[in-house]
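The next block holds one structure in the form of structure tokens; read it before the comments.
The values are calculated or read from the model by the stated rules, or taken from the named source; none is laboratory data. All figures in this text were calculated on a predicted structure; none of them were measured in a lab. For neighbour counting, all protein chains shown are included, and Cβ atoms are generated from backbone atoms with ideal geometry for every residue, glycine included. The protein model used for the area step is the full one, side chains on, heavy atoms only, and it has no ligands, DNA or RNA in it. Shrake-Rupley method; radii C 1.70, N 1.55, O 1.52, S 1.80 Å.
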Amino acid sequence: MAIQAQDIENLLRDAFPEAVITVQGDDGAHFAAEIVDVSFKGLNRVQQQRLVYAALKGKMDGPAGELHALALTTRAPE
């Protein structure tokens with residue numbers, strides 16, 4: 001079952017309601033997302049990305065995951 005960019009954005013919005021979020025990709029498996037959120041302040045990149053993966057609620061888990069690849073850019077607002 002393919003996942004859509006809007007589905008990914010909705011999951012991210014639930015976890016980061018005040019964030020600026022951009023999700024790109026249209027092949028159902030490979031996407032890029034940029035998330036700018038105040039909750040990332042003081043966290044390193046790995047910590048930020050762990051929060052994003054948790055927000056995706058298992059969509060990337062293992063070979064049966066709906067989301068095959070996600071290039072992430074995360075940061076706190078300046």
So what is the relative contact order of segment 5-75, in percent, for Cα pairs below 8 Å that sit 6 or more residues apart? 35 percent
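If you stretched the chain out fully between A2 and Y53, how much longer would it get, using 0.36 nm times the residue separation minus the C-alpha to C-alpha distance?
16.6 nm
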Rounded to one decimal in nm, the spacing of the 7 Å Cα→Cβ label points at A69 and R13 is 2.7 nm
State the percentage of accessible surface on the chain attributable to carbon and sulfur atoms; use a 1.4 Å probe and exclude ligands, DNA and RNA. 50 percent
Determine the percent antiparallel among the DSSP beta bridges restricted to the chain, to the nearest 5. 40 percent
DSSP-assigned coil residues among GluC sites (Glu not before Pro) in segment 7-37, each with at most 13 further Cβ atoms within 10 Å: E18
Give me the one-decimal nm value for the distance between modelled label points at Q24 and E78, 7 Å along each residue's Cα-to-Cβ direction. 1.9 nm
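State in Å² the accessible area per residue of segment 5-78; use a 1.4 Å probe, count heavy atoms of protein chains only, and round to the nearest integer.
61 Å²
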